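The values are calculated or read from the model by the stated rules, or taken from the named source; none is laboratory data. In this text, all values refer to a predicted model and were calculated from it rather than measured experimentally. Backbone-built Cβ (ideal geometry, glycine too); neighbour counts: all protein chains shown. SASA here: full protein model, heavy atoms, side chains in, ligands and nucleic acids out. Shrake-Rupley method; radii C 1.70, N 1.55, O 1.52, S 1.80 Å.
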Amino acid sequence: MTTDNQTPPKSQAHIIIVDDDEAMRVSLAQWLELSDFDVTVYADARDALGDITSDFAGVVLTDVKMPKMDGISFTKSVLATDGDIPVILMTGHGDVPMAVEAMKSGAYDFVEKPFEPKDIVESLERAIEKRRLVIENRQLRRQIAHRGSLDGRLIGNSKQMYALKEEIANIAATEVPVLISGETGTGKELVARAIHDLSDRRDEKFVAVNCAAIPESTAESELFGHEKGAFTGAAGQRIGWIEHAIKGTLFLDEISSMPLALQAKLLRVIEQREVVRVGSNSPVKVDFRLICATNENLTDAVSARQFREDLMFRINTFELAITPLRDRTDDIALLFDIFAERAAERFERPYDRPAPSLIGQLKKHEWPGNVRELKNLAERYVLLVGSPEDRFQRLFKGGFDLAEPVATALALADQVKHFEERLIRDALDRHDGNVKSVMEELDIPRRTLNEKMKKLNIRRDKIV
C-alpha cells in the first residue's frame, strides 16, 4: 500500500483517497489495491489538491466530514481545477442531503457508510471509464486541432509533408530545443512559427533572428544587448534579441553563420539561462524556447572547425529535416494553385487556372529555390498577360515539353480539389460553421472562401 503523500506508479487506474480517519484510509486502500488499483492516501484534503491537475487521469474518493477542509469544499476545489474529474463522496447517514447537493454541483457519485467494498469498486470502475474517455477525447481534439492548423500552414499531401506535420505536432508542446535543417527556400521559418503557435508559449513573442544578416561588428550587441556607454555610439541601454524573447520562442536562422566567439557566449546562455549585456556585470535571467535552423550540414561545419561541437549537441535535441521540393513533387501542383490564388487576390487580378497538362510540367523543374521559387513563379504567372500556355512558355522560356499525358495531370487537379474540400470542411466543423473563424484560420478572404464552398458544394448547415 502506498503511504500518505506518496505518488504511486501510473500503470494502473489511479485513485486518490482523502479521509482523516486512519483506520478507514488503511483498510480502504488495502481493499482497492487488492482490486488492482493504484492508490494514494491523504489525511488532509489540502495536501491532496497539490496532486490533482487537469491531466489527472484517475478518480478522487473523499470523506465528507473532515477538519481543516471538508469534503464539499474539497470537491469544489477539485472541480475548479477540472470539472470532468470524477469525485465520489463517502457520507454518513446525516450527510446524504449534502452529498446530493454536491452531485448537483458536479460530484460524480456518493456512497453511504457503512458500505460494502464491492459497492465502492463498482462506482470507481464506472468513474474511471468516464475519465478515460474524457482524456482520450481531449487528446483526439488536440491532435485534430494541430493537424488542421498545420494543414493550413504547411501545404502538401506528400508522404514527406505528412511525416513532417506529425513530427511537429508531436514535439511542439515540449520545451526541447529544435534544429530545423533544409535547403534555402524550403520554409524553415514557417516550420518554426508552426512549432511556436502549437506550443504553450503561443501567446508570447516569436523572435526571429537571421544570424547571417547581422554584421559581425554588432552581432554581440544585437543578440545580448548593451548598457549605455558600453562602446562608442551606445547612447542608451539596449535589450538584445535573446532577452526580448523572454517567455516566448527565439528562432535563430542560419545558425551556422554565427561567429565562433558568439557561439561560446550563446552556449553559456543556453546552459545558464541568463544573459549578460555588453558593458554589464549583472546577469539577467532568461526563459525562452530555442529553435535553430541551418541550410548547412553542422557536422561538416564542426569538422571544419567553423561550428562548436558542444553547441551543436545543445541545439539539436530534436532535429526536423525538410525535404527539398524536387523530392516531393506530389506537392508542386497544389502549392502552385494556392500561391497563384493568393497572389490573384492580393494583386486584384483574375486567376486563369492553367490546364492540368501545364501544371504537370512543373514536376520537371529542379526547383533550386524550393518553395520560395515556386511561390515567386506563381505570382509572376498571375501578373503576366496572355493565355496560360503563353505565360508558361514565358516563365520557363519554352523549356517544357507540354505533351504530358492528360490523365496524370487530371489526377493532380483532382488531388487539389479533394485537399481543398477536406481542409474547408474540417475547419467549418471545428468552428461550428462560423465562416469568420474559418477565414482567420485558413488565412483566406471571405470572397475566396465563398467561391470555393460554392464550387465544392459545401453548405454550412450540412457539416457533419
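For the reader, a short list of remarks on this structure follows.
- Just one of the listed residues (ARG353, ARG346) is loosely packed, with under 15 Cβ neighbours inside 10 Å, of a type in the set (Lys, Arg), closer than 19 Å to PRO445 by Cβ and modelled with pLDDT under 90, and it is ARG346.
- Taking the criterion of being among the β-branched types (Val, Ile, Thr) and either part of a loop (DSSP other than H, G, I, E, B) or open to solvent by 10 Å² or more (accessible area, probe 1.4 Å) (or both), the residues of the stretch 321-343 that qualify are ILE322, THR323, THR329, ILE338.
- Matching residues, the stretch 77-100, being free of Cβ contacts under 8 Å to residues at least 40 places away in the same chain, open to solvent by 30 Å² or more (accessible area, probe 1.4 Å) and either under 16 Å from ASP21 (Cβ atoms) or out of contact with any Gly (no Cβ under 8 Å at 6 or more places or on another chain) (or both): SER77, ALA80, THR81, HIS93, GLY94, VAL96, PRO97, MET98, VAL100
- If you go through the stretch 232-248 and pick out every residue that is more than 25 Å from GLU204 (Cα to Cα) and touching a strand residue (DSSP E or B) at 6+ places or on another chain (Cβ under 7 Å), you end up with 1.
- Restricting attention to the stretch 198-212, the residues that are surrounded by fewer than 17 Cβ atoms within 10 Å (Cβ to Cβ) and in contact (Cβ under 8 Å) with a residue 24 or more places away in the chain total 4.
- Residues that are closer than 25 Å to GLU189 by Cα, open to solvent by 20 Å² or more (accessible area, probe 1.4 Å) and of a type in the set (Gly, Ala, Ser), drawn from the stretch 356-381: GLY369
- Among the residues of the stretch 27-39, those identified as open to solvent by 10 Å² or more (accessible area, probe 1.4 Å) and not in a helix (DSSP H, G or I) are SER35, ASP36, PHE37, ASP38.
- Residues of the stretch 385-422 that are modelled with pLDDT of 80 or more, assigned to a helix (DSSP H, G or I) and among the aliphatic types (A, V, I, L, M): LEU395 alone.
- Residue in the stretch 277-286 that is touching a helix residue (DSSP H, G or I) at 6+ places or on another chain (Cβ under 8 Å), buried (at least 21 other Cβ atoms within 10 Å of the Cβ) and assigned to a helix (DSSP H, G or I) present: no
- So SER217, is it under 11 Å from the mean Cα position of the chain (by Cα) and not acidic (Asp, Glu): no
- Residues satisfying the stated conditions in the stretch 433-444, i.e. surrounded by 13 or more Cβ atoms within 10 Å (Cβ to Cβ), touching a residue at least 12 places away in the same chain (Cβ under 8 Å) and not in a helix (DSSP H, G or I): GLY433, ILE444
- Note on the stretch 54-76: residues that are surrounded by fewer than 16 Cβ atoms within 10 Å (Cβ to Cβ) and farther than 19 Å from SER105 by Cα total 4.
- Qualifying residue in the stretch 65-86 (condition: of a type in the set (A, V, I, L, M), modelled with pLDDT of 85 or more and in contact with a Pro (Cβ under 6 Å, 6 or more places away or on another chain)): no
- Any hit, the stretch 310-320, residues being over 28 Å from the mean Cα position of the chain (by Cα), buried (at least 19 other Cβ atoms within 10 Å of the Cβ) and more than 25 Å from ALA230 (Cβ to Cβ): no
- LEU150 falls short on exactly one of the conditions (1) open to solvent by less than 10 Å² (accessible area, probe 1.4 Å); (2) closer than 16 Å to ILE315 by Cα; (3) not hydroxyl-bearing (Ser, Thr, Tyr), and that condition is (2).
- Some residue of the stretch 143-157 being at pLDDT 85 or above and part of a helix (DSSP H, G or I): no
- When we screen GLU220, GLU167, GLU254 for residues that are open to solvent by 20 Å² or more (accessible area, probe 1.4 Å), over 21 Å from LEU311 (Cα atoms), in contact with a strand residue (DSSP E or B) (Cβ under 9 Å, 6 or more places away or on another chain) and among the acidic types (Asp, Glu), the only hit is GLU167.
- Check on GLY185, out of contact with any Phe, Trp or Tyr (no Cβ under 7 Å at 6 or more places or on another chain), open to solvent by less than 60 Å² (accessible area, probe 1.4 Å) and not charged (D, E, K, R): yes
- Filtered residue count, the stretch 296-307, keeping only those that are under 17 Å from THR184 (Cα atoms) and either touching an Asp or Glu at 6+ places or on another chain (Cβ under 6 Å) or assigned to a strand (DSSP E or B) (or both): 0
- Scanning the stretch 1-26 for residues that are at pLDDT 85 or above and open to solvent by 60 Å² or more (accessible area, probe 1.4 Å) returns ASP20, ASP21, GLU22, ALA23.
- Check on GLN237, at pLDDT 90 or above and farther than 20 Å from ARG193 by Cα: no
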